[in-house]
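Following: one structure in structure tokens, then a few remarks.
Read the figures in this text as sums done on the coordinates, not as results from a lab. All figures in this text were calculated on a predicted structure; none of them were measured in a lab. Cβ sites come from the backbone with ideal geometry, for glycine too, and all protein chains shown count toward neighbours.
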Amino acid sequence: MNGPYLNFRELQLHEHEGKDYQIMASCNWHRVLIIAPHGGKIEYFSSQICKWIAGEDFAWYSFEGITNGDNRRLHITSHNFDEPRVLQALQEAYTVVTIHGLKNSSDEFLMIGGLDSAFGTDLQIALQNHGFIVKESEQGYRGERTTNICNRGCTGKGVQLEISFALRKRIFADAECRTRFIDTIRSLIKARMFKE
Ligand SMILES: [Zn+2]
């Protein structure tokens, strides 16, 4: 589902900030940064999930499609996503988690990618223990390129969550599921910070 733009500069030449897209972020940056690069109407509910995971204590960044037209054109593929504000935030980020949406609207599951495979495995185990289905990442969803936005923090490796539409909808609408999902991820991030 790649849009026509190779990078942010190209997008910026053709789209209007405030009308077609908007950039939302926490007031302060933090060593933990949660990113929704395809937020708003591009990958529905990914912005909300990003902000919930960040809560009041971590930093978050959300690039949001808000056009009344086709929002898919605002999708800059993850390894080319180079909007300057998020690149700046990444310079201070040790733990990076990006939130994405998969189209699947019938099955509730997620796939975990990114170069931080140790953190990815911890997340997989924790989420599975809390009743979520984590599938093997398919080709194209592994987030293994060094320029993938999830791998551009201080450590050069991060994690990306590709969440099916069915599960995003459930997290959005079902408070119990939301708390279980968000708290599982937040607890793990906090445990990692404590170990650093
Ligand atoms: Zn995405």
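Computed values, structure above
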read-out	value
MRE, 222 nm, helices only [DSSP H, n ≥ 4, -39500 (n - 2.57), over the chain, to nearest 500]	-10000 deg cm²/dmol
In the chain, lysine pairs with alpha-carbon atoms under 14 angstrom apart (chain gap of 8 or more, or interchain)	4
Semi-axis lengths (Å, descending) of the ellipsoid that matches the C-alpha gyration tensor of the range 8-195	23, 19, 16
Sites matching GluC sites (Glu not before Pro) across the range 1-58 that sit in DSSP coil, with at most 14 neighbouring C-beta atoms within 10 Å	E56
DSSP bridge pairs, the chain: antiparallel proportion in percent, nearest 5	30
Distant-in-sequence amide H partners of A36 (H built 1.01 Å from N, under 5 Å)	Y61, S62, F63, I99
Where a label projected 7 Å from the Cα of N104 along Cα→Cβ would reach, residues of the range 52-91 with amide N under 13 Å	none
Calculated FRET efficiency for the pair E56/R145, C-beta based, R₀ 25 Å, to 0.05	0.20
Spin-label pair E92/D70, simplified geometry with 7 Å Cα→Cβ offset, distance in nm	3.9
Whole-number percent relative contact order across the range 128-178, with pairs defined as alpha carbons under 8 Å at least 6 apart	17
In the range 109-178, trypsin sites (Lys or Arg not before Pro) in a DSSP loop with at most 16 other beta-carbon atoms within 10 Å	R145
Peptides 35-41, 20-26 ordered by average Cβ neighbours within 10 Å, highest first	35-41, 20-26
For Y21, distant residues with modelled amide H under 5 Å away	H16, I66
Tensor-based shape of the range 85-196 (alpha-carbon gyration tensor, a/c under 1.5 rounded, otherwise prolate or oblate)	prolate
Gain on full stretching of the segment that runs from F172 to E17 - 0.36 nm per residue minus C-alpha separation	53.2 nm
Three-way shape label, the range 140-196, alpha-carbon gyration tensor, a/c 1.5	oblate
